[in-house]
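Okay, structure first, notes after.
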Amino acid sequence: MKITFYGHACLGIQIKDTHILVDPFITGNERASSIDIDSIKADYILVTHAHQDHTLDVEAVAKRTGAVIVSNYEIVMHYQNLGLKGHPMNHGGSWKFDFGKVKYVNAVHTSSFPDGSYGGQPGGFVIQADKTLYIAGDTALTYDMKLIGKHYDLDLAVLPIGDNFTMGVDDALIACRFIDCHRILGYHYDTFGYIEIDKPQAVAKFDARLKRLILLDIGESMEV
Ligand code: NI
Ligand code: MN
């Protein structure tokens, strides 16, 4: 399993020959101007919630690639009504896709579309394939994360660390304990003023607790 960071909360995940794109927000992100969105492959697009900084490029990428949009029921209905392909899920449910098993899990946040219409309830994903990956989505620290620690042996967790709209670095450190994973890829930081962080300080806080915070450059990839 290989992950590429496309800035903000957008990830590319490659599992063997399958390409998964998560929360595409590239054309609206000045910091991601080096990314050529038309070169991104996608068989599936996973959407955690409807906010614009997670859905801006869903329609364009799905139209170009024919990717299947995987999200909560309301978000998938929204895109199916635009003629796009989707697979609706809801919290606590899992589905075995051709690349692995996906569970849509709880997040504490909101989920309206940019026009104010209802985008269901926000979530995160646990992907079980050759590796097990938790993508938290936009969320507060929540006790529900303990369920993930109990039921999965995670190889990597992707957690928001930008504070203000989601948990920040200190709560992400507590989340590590709840999910029982000490290798974290941080996201949802630095994109705009509300979520700017001190990166060296964030990494040092993790180091001090013998945990690892990975912060990728935009366009950079890592093996899970
Ligand atoms: Ni959000
Ligand atoms: Mn967001």
Item to check | Extension gain, R209 back to Q80 (0.36 nm per residue minus Cα-Cα distance, nm) | outcome: 41.9 nm
Next on the checklist: If the elastic network links every pair of Cα atoms under 10 Å, which of G28, G116, G100 fluctuates the most in the Gaussian network model of the chain?
Outcome noted: G116
Checklist entry - Which loop trypsin sites (Lys or Arg not before Pro) in region 16-89, with loop taken from DSSP, have no more than 12 other Cβ atoms within 10 angstrom of their Cβ? => result K16
Checklist outcome for this item: For region 3-20, in residue order, the Karplus 3J(HN,Hα) values (coefficients 6.51, -1.76, 1.60; θ = phi - 60°; whole Hz; Gly and Pro = x) are 10, 10, 8, 9, x, 6, 10, 9, 10, x, 10, 10, 10, 6, 9, 9, 10, 10
Item to check | Estimated FRET transfer efficiency (N90, T110; beta-carbon r; R0 22 Å; 0.05) | outcome: 0.85
Checklist entry - Among L154, L46, L21, which one moves the most in a GNM of the chain with springs linking Cα atoms closer than 10 Å? => result L154
Checklist entry - What is the mean projected area of the alpha carbon convex hull for region 2-219, to one decimal in square nanometres? => result 10.8 nm²
Checklist entry - For the chain, the longest stretch holding no GluC sites (Glu not before Pro) located in a DSSP loop with at most 15 other Cβ atoms within 10 Å is which? => result 1-195
Checklist outcome for this item: Computed on Cα atoms, Rg of region 102-224 relative to 2.2 N^0.38 Å comes out at 1.03
Checklist outcome for this item: Dipole check, region 2-219, charges on Cβ (K,R +1; D,E -1), about Cα centroid: among I148, G86, V108 the Cα furthest to the positive pole belongs to I148
Checklist entry - Based only on the alpha carbon positions, what is the Kirkwood hydrodynamic radius of region 50-89, in angstrom? => result 9.9 Å
Checklist entry - How big is the charge dipole of the chain about its Cα centre, in debye rounded to the nearest 20, if each Lys and Arg gets +1 on its Cβ and each Asp and Glu gets -1 on its Cβ? => result 740 debye
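No lab work stands behind these numbers, since they all come straight from the coordinates. Quantities reported herein were computed from a predicted structural model and do not represent experimental measurements. Because the Cβ atoms are built from the backbone with ideal geometry, glycine has one as well, and the counts that use them run over all protein chains shown.
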